[in-house]
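The values are calculated or read from the model by the stated rules, or taken from the named source; none is laboratory data. These numbers come from a predicted model, not from an experiment. As a convention, Cβ positions derive from the backbone with ideal geometry for all residues, glycine included, and neighbour counts pool all protein chains shown.
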Amino acid sequence: MSSAPMGAAITGGTTAAREHVMTVRDAHKTYEGRGVPVHALRGVDLDIDTGSFTCLIGPSGHGKSTLLHLLGGLDRPSSGSVTVLGEHIERMSDAQLARFRAHRIGFVFQFFNLLKGLTVAENVQLAMSFAGASAREQRSRTDELLASVGLSAKRDARANELSGGQMQRVAIARALANDPEVLLLDEPTGNLDSASESEVLGILDGLHAEGRTIVMVTHSLEIAARAERIVEVHDGRVLA
Ligand SMILES: Nc1ncnc2c1ncn2[C@@H]1O[C@H](COP(=O)(O)OP(=O)(O)OP(=O)(O)O)[C@@H](O)[C@H]1O
Ligand SMILES: [Mg+2]
């Protein structure tokens, strides 16, 4: 199961960001539900090493997506600290978080979140335009990314004309649009057949080999076994 990173900064503190691309300290997340607060995370401590490939596993509703959202700056903790690439997520404004995400984080959502009326290429380019790339850069990088996920032929198809596996690969291409150091994926193979699943996993292995840090939520122990490290999220906590 999850192992304490060897030789890492033991006390957290300001040096942690150098060896760990992400550091979570006593993070709590409470959703103000209808009258009854939901304690989705109850004191999470976690370090993710630069360049590592980690899988988050655990039962449904126990906080995996919530934790991944904090790591990606999609949300802030209610208390505690989350440091990603040296930036304190909990101290950033919404606008700062949006800019940070656009430039430095790739996020693949469980249900793809593609804009269905746009073409494959437009979905990928949109992520680049948020980060301020020129139209020319957008075109050449989009072609490169679509080739790398095997979808050049679908460049001008609308997203709603794709199969699930193809949508998932577009979502990965989009997550890579701005060449992020960190790639976060929420059950990227949850809806795929085994052939599409192995294609996606092959792409992830390649990205890991390039030195990117990957954190992926999965329900599949078989998939988790391919990762360098498995972190179990249980009842809003990370099991040591
Ligand atoms: N936006 C929200 N508002 C209120 N409660 C929420 C919200 N998002 C999540 N929760 C609650 O927080 C808890 C943790 O949810 P989370 O989505 O992190 O679980 P999960 O481990 O990803 O589950 P699954 O495996 O089913 O995707 C659940 O009880 C859920 O109902
Ligand atoms: Mg989830």
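Data table
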{"read-out": "Residue in region 110-117 that is under 21 Å from V21 (Cα atoms) and in contact with a helix residue (DSSP H, G or I) (Cβ under 8 Å, 6 or more places away or on another chain) present", "value": "no"}
{"read-out": "Enumerated helices (runs of 4 or more DSSP H) restricted to region 122-219, each holding at least 3 residues that are within 30 Å of G58 (Cα to Cα)", "value": "164-175, 194-209"}
{"read-out": "Residue satisfying condition, being of a type in the set (G, A, S), crowded, with 17+ Cβ neighbours inside 10 Å and over 22 Å from T189 (Cβ atoms), within set A133, A159", "value": "A133"}
{"read-out": "Restricting region 175-190 to residues that are touching a Lys or Arg at 6+ places or on another chain (Cβ under 9 Å) and at pLDDT 95 or above, the residue that is surrounded by the fewest Cβ atoms within 10 Å (Cβ to Cβ)", "value": "D186"}
{"read-out": "Only listed residue being within 30 Å of V38 (Cα to Cα), more than 16 Å from ligand 2 (Cβ to nearest atom) and β-branched (V, I, T), chosen from I203, I214", "value": "I214"}
{"read-out": "Which listed residue is within 14 Å of ligand 1 (Cβ to nearest atom), of a type in the set (A, V, I, L, M) and farther than 21 Å from L207 by Cβ, from L74, L70, L56", "value": "L70"}
{"read-out": "Residue, nearest to ligand 2 (Cβ to nearest atom), within region 54-66, restricted to residues that are under 14 Å from Q110 (Cβ atoms) and in contact with a strand residue (DSSP E or B) (Cβ under 7 Å, 6 or more places away or on another chain)", "value": "S65"}
